[in-house]
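Heads up, the thing below is written out as structure tokens.
The values are calculated or read from the model by the stated rules, or taken from the named source; none is laboratory data. All values derive from a computational prediction rather than experimental measurement. When we count neighbours, we look across all protein chains shown, and the Cβ atoms used for this are built from the backbone with ideal geometry, even at glycine. Remember, those area values only see protein heavy atoms, side chains included, never the ligands or the DNA or RNA. Shrake-Rupley method; radii C 1.70, N 1.55, O 1.52, S 1.80 Å.
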Amino acid sequence: LGAHDGIESGLYAELRARVNEYFEEHGLQSRGGAFMYAKTAALLTSLSLCYYAAVFARPDLALWLAPLVGVQMAMVGLSIQHDANHGSFSPYPWLNRIMGLTDDLIGGSALMWRHQHNIAHHAHPNDSELDADSITNFPLVRMNPVLPVRWYLRFQHLYAPVLYCLLGMSYPIGDVVGFLKRSYEHVPLQPLRPVDVITFILGKVLHYTIVLGLPIYSLGWQLGLLFFVVMQAVGGNFLASVFAVSHNAEANDYNCDPDTDWAELQIRTSCNWSPHSTFWWLATGGLNFQIEHHLFPGVCHVHYPAIAKITRQLCEEKGLPYNSYGSYYAIYSSHIRTLWLLGRGMDHKVFHEKALARIREQLAGGAKGKGKGEGQ
């Protein structure tokens with residue numbers, strides 16, 4: 001898979017040492033603790049109550065509650081299973097394994113996620129040959145400047161946000177295809193044990209029972225199907241819009257040199273956004289601190305705001321870019337412009353010379369104006 005020999009580079013060792021010093025000074029563990037558990041309980045309780053009200057208690061409110069159920073299901077994926085399947089939800093491996101299975105309930109698969117996300121994405125972000133997230137949407141959407149150009153892609157900045165609504169419905173299908181092929185794109189699945197097969201099948205059965213079977217049984221075919229579509233469309237769009245922006249904005253690098261330092265690769269290909277927002281930090285499982293997540297995926301997201309200060313300082317000392325947009329609106333707007341640029345065949349050189357330098361200059365100027373509070 002083209003493993004990075006430089007993961008133990010001087011840059012990463014220095015950053016890791018500073019982060020470890022922070023944990024030691026404050027007497028903290030890097031995995032989740034009481035706050036993470038309380039947040040998880042609150043989210044799962046809220047989701048359960050909204051679902052029960054929509055499907056059983058108040059069917060007259062089903063379509064009004066469907067978007068809320070969809071968004072909260074997406075939040076389970078972003079802020080519970082994501083940490084758990086990275087091993088950062090809890091210091092207890094058995095608890096990480098259990099909470100990782102929430103991915104199966106919302107339509108994904110803990111098994112497939114660990115291959116698709118942990119291996120096929122994290123190791124080589126924005127690489128046109130090794131990052132599955134950068135290439136699997138093609139030819140519908142061009143998210144890497146070295147992919148071929150098609151005439152219809154000039155409109156992708158208009159239709160891609162609509163396609164994002166289909167993520168929730170397409171994920172289970174992609175999981176099944178990968179499971180049957182015993183691979184996710186270029187990543188072969190681990191040798192499967194009987195428990196892996198049983199868990200995968202049961203997960204899909206439970207998911208469709210929850211999102212389709214019970215609503216149809218309780219609400220009837222028409223309202224049940226409509227509830228399913230609205231829930232999946234809104235939740236899928238929310239989920240995809242959070243995932244897509246952090247690696248596909250104008251400040252991101254693409255297809256870095258294979259010899260690039262591993263830590264520098266993660267920094268250059270990721271973007272932070274809304275670093276002052278408690279809402280986005282909690283709702284997205286800290287993915288608005290995408291740089292820190294890629295550098296320390298094994299650290300629970302509750303620590304990212306503090307780690308961001310350390311990372312920014314080191315980047316300034318080393319002369320490395322630290323891409324951080326002030327708001328979600330800012331990075332989403334940049335994401336749409338990036339789709340516009342890529343849809344018109346902007347090659348790597350032009351993309352960087354005419355967009356990357358300008359955006360990074362703006363970000364640097366904004367950071368100076370705000371002082372050192374960024375990342376809190």
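A few comments on the model shown:
- Translational diffusion coefficient of the range 106-196 (Stokes-Einstein, Kirkwood radius from Cα pairs, 25 °C, 0.890 mPa s): 171 µm²/s.
- Spin-label model distance (nm) - Ile198 vs Ala38, 7 Å beyond Cα toward Cβ: 3.8
- Once the C-beta distance of Trp64 and Val146 is scaled by a Förster radius of 51 Å, the resulting FRET efficiency is 0.70 to the nearest 0.05.
- Pairs of Lys residues in the chain that lie 8 or more places apart, or on two chains, and have C-alpha atoms under 21 angstrom apart add up to 8.
- For the range 15-146: relative contact order, % (alpha-carbon pairs under 8 angstrom, 6 or more apart): 15
- Residues of the range 298-339 with an amide N closer than 13 Å to a point placed 7 Å from the Cα of Ser9 along the Cα-to-Cβ direction: 315, 318-321.
- Subtracting the Cα-Cα distance of Tyr329 and Tyr22 from their residue separation scaled by 0.36 nm leaves 107.4 nm.
- For the chain, the longest principal axis of the alpha carbon atoms and the long axis of helix 10-26 meet at an angle near 60°.
- For the range 303-316, backbone phi angles converted through the Karplus equation (6.51, -1.76, 1.60; θ = phi - 60°) give residue-by-residue couplings of 9, 4, x, 6, 5, 4, 4, 5, 5, 4, 4, 5, 4, 5 Hz, Gly and Pro being listed as x.
- Helix 357-370 and the longest principal axis of the C-alpha atoms of the chain enclose an angle of approximately 90°.
- Helix 194-208 axis versus longest C-alpha principal axis of the chain: approximately 70°, rounded to the nearest ten.
- The protection proxy used here, the mean number of other Cβ atoms lying within 10 Å of each residue, ranks peptides 119-131, 177-189, 24-36 as follows, highest first: 119-131, 177-189, 24-36.
- Spin-label model distance (nm) - Glu317 vs Leu95, 7 Å beyond Cα toward Cβ: 3.3
- Between the amide H of Ser183 and those of Leu189, distances stay under 5 Å, these residues lying 5 or more places away or on another chain, with hydrogens modeled in the peptide plane.
- The chain - percent relative contact order, Cα under 8 Å, separation 6 or more: 23
- Among 310-320, 336-346, the order from most to least packed when residues are scored by Cβ within 10 Å on average: 336-346, 310-320
- Per residue solvent-accessible surface (Å²) - the range 1-103, probe of 1.4 Å: 50
- When the solvent-accessible area of the chain is split by element, carbon and sulfur atoms take up 65 percent of it, the probe being 1.4 Å.
- Computed from backbone phi with θ = phi - 60° and the Karplus coefficients 6.51, -1.76 and 1.60, the 3J(HN,Hα) list for the range 319-336 is x, 9, x, 10, 7, 9, 8, x, 8, 5, 4, 5, 6, 5, 4, 5, 4, 5 Hz; x is used for glycine and proline.
- Ser48 versus His276: modelled label distance in nm, points set 7 Å from Cα along the beta carbon direction: 3.8
- Stretched out straight at 0.36 nm per residue, the stretch from Thr209 to Leu189 would grow longer than its current Cα-Cα span by 4.6 nm.
- Maximal additional length on extending the Leu225-Glu129 stretch stands at 30.7 nm, based on 0.36 nm per residue less the C-alpha distance.
- Scoring 47-54, 249-256, 192-199 by mean Cβ neighbours within 10 Å over their residues and listing the highest first yields 249-256, 47-54, 192-199.
- Each stretch of four or more DSSP H residues adds -39500 (n - 2.57); spread over every residue of the chain, this sum gives -17000 deg cm²/dmol at 222 nm.
- Förster-model FRET efficiency, 41 Å R0, Arg337 and Asp259, C-beta, rounded to 0.05: 0.85
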